[in-house]
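The values are calculated or read from the model by the stated rules, or taken from the named source; none is laboratory data. Predicted model only: the values in this text are computed from it and were never measured. When we count neighbours, we look across all protein chains shown, and the Cβ atoms used for this are built from the backbone with ideal geometry, even at glycine.
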Amino acid sequence: MTIVSSDKDLMQLVRPGVVMLDAMKSKKIGRDEVIEKFGVPPDRVVDVQSLAGDSTDNVPGVPGIGVKTAAELIKEYADLDALLARAGEIKQPKRREKLIEFADQARVSRELVRLKDDVPDMIPADALGVRDPDPGELLGFLRVMEFNTLTRRIAEGLGAEPPAPVEVSVGSTVPTKARMQPGAEKAKSEPVVAESPAAGAAEAAAAAKAPFDRSKYETVTTRERLEAWIMKAYAAGRFAFDTETTSIDPMVAELVGFSMAVAPGEACYVPLGHRASSEAFDFGAHDGIVQIPVVEALALLKPLLEDPSILKIGQNIKYDLNVLAQHGINAAPLDDTMLMSYALDAGKGGHGMDDLAMRHLGHACMTFEQVIAHVPGKKKSERTFGQAPLDKATEYAAEDADVTLRLWMILKPRLAAERLTTVYETLERPLIPVIADMERAGILIDGAILSRLSSTFAQGVARLEEEVNRLVGHKFNLGSPRQLGELLFERLQLPGGKRTKSGQWETRAGLLDDLAANEEVPDDARRLINTMLEWRQLTKLRSTYTDALPSYVHGGSGRIHTSYALGATTTGRLASSEPNLQNIPIRTKEGREIRTAFIAAPGKKLISADYSQIELRILAHIADIPQLRKAFEEGLDIHAMTASEMFGVPVEGMPGEVRRRAKAINFGIIYGISAFGLANQLSIPKDEAAAYIKTYFERFPGIRAYMDSTRKRAHERGYVETVFGRRIHYPEINTKNPGVRGNLERAAINAPIQGSAADIIRRAMARMPGALAAAGLKSARMLLQVHDELVFEVGEAEVPNALRTVKKVMEGAALPVIALAVPIHVDAKAADNWEAAH
DNA sequence: CTAGACTCCTA
DNA sequence: GTAGGAGTCTAGT
């Protein structure tokens, strides 16, 4: 028999009548060649390998012993067992100690290296060979393995009907490992299924859905038990965990407990900062609560959390990462079930733990309310998890870790099966520590500027309020849109009143603008309207920005720490909250003042770097529009070029209004244009807007083709994709309701554009810390992201290098995966504050 | 005290 | 026409 392989692990099989053939080198491998390679005959190869180890196969062996030494030892002592038994006789002290210390590891290595020769139900050799597939068997297999696209394609190829999808759940028809052990009759037809790794995934999915039993969770209150759980985590190689704290804001949260799960249903809770509620009876110095001191517990957990070989699984793990960072723990590597769900199912529903548990496990999680209900006295808002009784806290916290682990067992294999591993691994997972660092970095605010602005705005507001009251003749609540609407359209009988869905008069700024420009409106009413608009602008700036922002300054750092949601939008964008730093004013002079309050720390500068026209460039790439590509290549004014193409007006000396309209159309295209929307935006009649769109499509037929094909794909497949393969689902897009369908179609047309831009900046962000470090930049920190802009804080001396590096990373972010057909341009500038840097 | 409507800030 | 978050008012609990 000849074994055709160059795998050295198979050399142990060489014996009289069995040789190998290395097909790469066309070389025969017999007994002599094995001795040449391992220094021992084939029947001792296993002993040598178990000593020398093999890093490619993760066989540890004995440290310090390679093939040469191993062969020498085996030749002298005959085999591994004899050698280990007599290890004490070895002369070289280092070698002797290693052999004694790592004897067990050598024995484990032997089990890893030795080929199993007792596999039941081996397929007879003559049953192997190329033959036509049995459609039923093949398609059944592919369906069970959830190779959905393959099933469909191969069914098409064979002209067969694809089998119905299999619902994976306990007690379903999905084969469990037990059921799949091939019996006598089945041995020939299904052997591959039994040994397939995918079958393991199906089995894991089934295990993940086993019933929940909260009474089985352990409350860990001793050092010994915690060590035992840590050992379980090491043995499993991965575990799910969750931190319990006093706040949803990780910057102020105090650690109250830690839960972990190592297998479905096998989870524990480690209370760390529980205290009796102040209104409860206090039975002694320790409040009657037994728990491991925080410092001690964290010292035990830190090596596990930081161990590069142990995977830490969390649900929204960025939160836990931030909490642990406050205690000097840098947890890695990480997986996040929320982000897995986001990569797999964006658009199909929420990605919160409760949503996911219900969707994938059919399980309703214990609610926070249920735990907090056991805290005596106090208003609900003042109760914290740390006051909850340990038994309830354990049920809740351990269940969270348990649920997280089970979700991971279900979602992880889906990533590969649905070809979304790259999306998750390049656009989601690497962002977790990067964003966590940005959040903890925060940004410095000049409180004096904000308070000065606040007073200025307040004075303006008071003046305008008086003015309005004088014009109206009686007091009314300027902040009430309803009262304003009634005043304008009922009492004053002004024309052009529209009602909202609920029948209220509409009073938004755009409508009031048009009203003020209307010649039928009397002068004093016009003055009232304009005063109201000014009043609204100032009150908005004051309440949302100058008054609100200082309340977010963190007591410890003196900076503002926003929170970025990684899985909140459907398109892949980030969302910022508490406070939202992605909507700081910029358009008006007064608003822009607020940006001057965002400053660099002493001795540093802020750098703002933003992508120029990124979405239009992506549109030019995806839809492949020659005129747009050319304009971007030549660095032309893209809106002026559009206007020129559409209206035949030369760019030189083009009226501002013409360019403004073209700009609105360009934006409209990105948003999935409608005549109604464009008419609204430009305050022009709907048929005029429709005519613009018609002209546009005539000049740029590729855009219409892109919009039509995207719409079609969305209807056929239920999702659209970014250029990097991120999927955005629209499960309701085939609805019969034309209004709703139109909305979804526009969203589906916009999503690949907005989403691709989001992917590009995500890629830039993922690479940024490494690139800054590689460029020798020690002081540079990334602070903010505003969709197409990144803000950095950099020591003054490093500014030129930082500008160069940041620009390079951002402009090259699509590479090497996508070479866009248009250049990507980034403007970057450094200054003392955000307004000046932008 | 909470939820929804309305408004307005950003890309 | 896309994607968000937040402040205020108002009605209902």
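Which of the residues that make up region A:357-407 are in a loop (DSSP other than H, G, I, E, B) and either within 16 Å of DNA strand B (Cβ to nearest atom) or in contact with a Ser or Thr (Cβ under 7 Å, 6 or more places away or on another chain) (or both)?
Those that are in a loop (DSSP other than H, G, I, E, B) and either within 16 Å of DNA strand B (Cβ to nearest atom) or in contact with a Ser or Thr (Cβ under 7 Å, 6 or more places away or on another chain) (or both): A:Thr367, A:Ala373, A:Val375, A:Pro376, A:Gly377, A:Lys378, A:Lys379, A:Arg383, A:Thr384.
Mind listing just one residue for me: the one in region A:102-144 that is in contact (Cβ under 8 Å) with a residue 60 or more places away in the chain and in a loop (DSSP other than H, G, I, E, B) and, of those, farthest from A:Glu418 (Cα to Cα)?
So the residue we want is A:Arg114.
Specify which of the listed residues (A:Tyr692, A:Tyr706) is surrounded by 20 or more Cβ atoms within 10 Å (Cβ to Cβ), part of a helix (DSSP H, G or I), within 12 Å of DNA strand C (Cβ to nearest atom) and of a type in the set (Phe, Trp, Tyr).
Numbers: A:Tyr706 fails: within 12 Å of DNA strand C (Cβ to nearest atom).
Just one listed residue meets the conditions, A:Tyr692.
In region A:516-548, which residues are touching a residue at least 24 places away in the same chain (Cβ under 8 Å), among the acidic types (Asp, Glu) and either outside any helix (DSSP H, G or I) or within 15 Å of DNA strand C (Cβ to nearest atom) (or both)?
A:Glu520, A:Asp547
Which is surrounded by fewer than 17 Cβ atoms within 10 Å (Cβ to Cβ) and either of a type outside the set (Lys, Arg) or out of contact with any Gly (no Cβ under 7 Å at 6 or more places or on another chain) (or both), of A:Arg629, A:Arg717, A:Arg711, A:Arg661?
A:Arg717
For the structure I just gave you, tell me whether A:Val786 is surrounded by fewer than 22 Cβ atoms within 10 Å (Cβ to Cβ), touching a residue at least 60 places away in the same chain (Cβ under 8 Å), under 23 Å from A:Tyr564 (Cα atoms) and in contact with an Asp or Glu (Cβ under 9 Å, 6 or more places away or on another chain).
So A:Val786 passes the test.
Counting just the residues of region A:667-689 that are near DNA strand C (Cβ under 7 Å from one of its atoms) and small (Gly, Ala, Ser), which one comes out nearest to A:Leu744 (Cα to Cα)?
The qualifying residue nearest to A:Leu744 (Cα to Cα) is A:Gly672.
Those residues that are part of a loop (DSSP other than H, G, I, E, B) and without any contact (Cβ under 8 Å) to a residue 40 or more places away in the chain, I need them from region A:317-356; list them, please.
Taking region A:317-356 first, the residues part of a loop (DSSP other than H, G, I, E, B) are A:326-333, A:346-352.
Answer for region A:317-356, where residues must be part of a loop (DSSP other than H, G, I, E, B) and without any contact (Cβ under 8 Å) to a residue 40 or more places away in the chain: A:Gly328, A:Ile329, A:Asn330, A:Ala331, A:Pro333, A:Gly349, A:Gly350, A:Gly352.
Could you tell me which residue of region A:512-568 is nearest to the chain's Cα centre (by Cα), considering only residues that are hydroxyl-bearing (Ser, Thr, Tyr), surrounded by fewer than 16 Cβ atoms within 10 Å (Cβ to Cβ) and away from DNA strand B (no atom under 14 Å from the Cβ)?
A:Ser557
Conditions (1) modelled with pLDDT under 95; (2) buried (at least 20 other Cβ atoms within 10 Å of the Cβ); (3) among the hydrophobic types (A, V, I, L, M, F, W, C), marked per residue:
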residue: A:Arg223; (1), (2), (3): no, no, no
residue: A:Tyr234; (1), (2), (3): no, no, no
residue: A:Phe239; (1), (2), (3): no, yes, yes
residue: A:Asp242; (1), (2), (3): no, yes, no
residue: A:Ser259; (1), (2), (3): no, yes, no
residue: A:Pro264; (1), (2), (3): no, yes, no
residue: A:His274; (1), (2), (3): yes, yes, no
residue: A:Phe283; (1), (2), (3): yes, no, yes
residue: A:Leu298; (1), (2), (3): no, no, yes
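Of the residues A:Ile684, A:Ile733, which single one is under 25 Å from A:Thr571 (Cα atoms) and surrounded by 15 or more Cβ atoms within 10 Å (Cβ to Cβ)?
Among A:Ile684, A:Ile733, only A:Ile733 is under 25 Å from A:Thr571 (Cα atoms) and surrounded by 15 or more Cβ atoms within 10 Å (Cβ to Cβ).
So, in region A:569-602, of the ones that are closer than 22 Å to A:Ala766 by Cβ and in a loop (DSSP other than H, G, I, E, B), which residue ends up nearest to DNA strand B (Cβ to nearest atom)? Before the answer, list the steps.
Let us first name the residues in region A:569-602 that are closer than 22 Å to A:Ala766 by Cβ, namely A:569-577, A:581-582.
Next cut, in a loop (DSSP other than H, G, I, E, B) only: A:569-574, A:581-582.
Details: A:Thr569: 10, A:Thr570: 13, A:Thr571: 10, A:Gly572: 13, A:Arg573: 8, A:Leu574: 11, A:Leu581: 10, A:Gln582: 6 Å.
Filtering first and then ranking leaves A:Gln582.
With the requirement that a residue be buried (at least 20 other Cβ atoms within 10 Å of the Cβ) and of a type in the set (Gly, Ala, Ser), what does region A:801-813 give you?
A:Ala802, A:Ala813
In region A:678-707, which residue that is more than 16 Å from DNA strand B (Cβ to nearest atom) and of a type in the set (Ser, Thr, Tyr) is nearest to A:Ala620 (Cα to Cα)? Please lay out each step first, then the result.
Filtering region A:678-707 down to residues more than 16 Å from DNA strand B (Cβ to nearest atom) leaves A:679, A:684-707.
Checking the rest, the ones that are also of a type in the set (Ser, Thr, Tyr) come to A:692, A:695-696, A:706.
Details: A:Tyr692: 19, A:Thr695: 18, A:Tyr696: 14, A:Tyr706: 10 Å.
Selected residue: A:Tyr706.
Look at region A:569-599 and say how many of its residues are of a type in the set (D, E, K, R), surrounded by 15 or more Cβ atoms within 10 Å (Cβ to Cβ) and under 30 Å from A:Met340 (Cα atoms).
Qualifying residue count for the region: 1.
Being of a type in the set (A, V, I, L, M) and surrounded by 20 or more Cβ atoms within 10 Å (Cβ to Cβ) is the filter here, so list the residues in region A:789-798 that pass it.
First, the residues of region A:789-798 that are of a type in the set (A, V, I, L, M): A:790-791, A:794, A:797.
A:Leu790, A:Val791, A:Val794, listed by residue number.
Out of (1) within 12 Å of DNA strand B (Cβ to nearest atom); (2) closer than 30 Å to A:Ala253 by Cβ; (3) of a type in the set (A, V, I, L, M, F, W, C), the odd one out for A:Ala509 is which?
Only one criterion in (1) within 12 Å of DNA strand B (Cβ to nearest atom); (2) closer than 30 Å to A:Ala253 by Cβ; (3) of a type in the set (A, V, I, L, M, F, W, C) is unmet by A:Ala509, namely (2).
Considering only residues that are without any contact (Cβ under 8 Å) to a residue 24 or more places away in the chain and not basic (Lys, Arg), look in region A:749-779 and name the one that is nearest to DNA strand C (Cβ to nearest atom).
A:Gly770
Are any residues in region A:40-60 modelled with pLDDT under 85 and either basic (Lys, Arg) or surrounded by 18 or more Cβ atoms within 10 Å (Cβ to Cβ) (or both), and if so, which ones?
So the first thing to find is which residues in region A:40-60 are modelled with pLDDT under 85, and the list is A:53-60.
Those that are modelled with pLDDT under 85 and either basic (Lys, Arg) or surrounded by 18 or more Cβ atoms within 10 Å (Cβ to Cβ) (or both): A:Gly53, A:Val59.
Look at A:Thr571 and say whether it is among the β-branched types (Val, Ile, Thr), farther than 30 Å from A:Gly812 by Cβ and either more than 15 Å from DNA strand C (Cβ to nearest atom) or within 36 Å of the chain's Cα centre (by Cα) (or both).
No, not satisfied.
Listed residues A:Ile594, A:Ile599; which is within 15 Å of DNA strand C (Cβ to nearest atom), of a type in the set (A, V, I, L, M, F, W, C) and in contact (Cβ under 8 Å) with a residue 60 or more places away in the chain? Quick ask: steps written out before the conclusion?
Values: A:Ile599 fails: within 15 Å of DNA strand C (Cβ to nearest atom).
After ruling out the rest, the residue left standing is A:Ile594.
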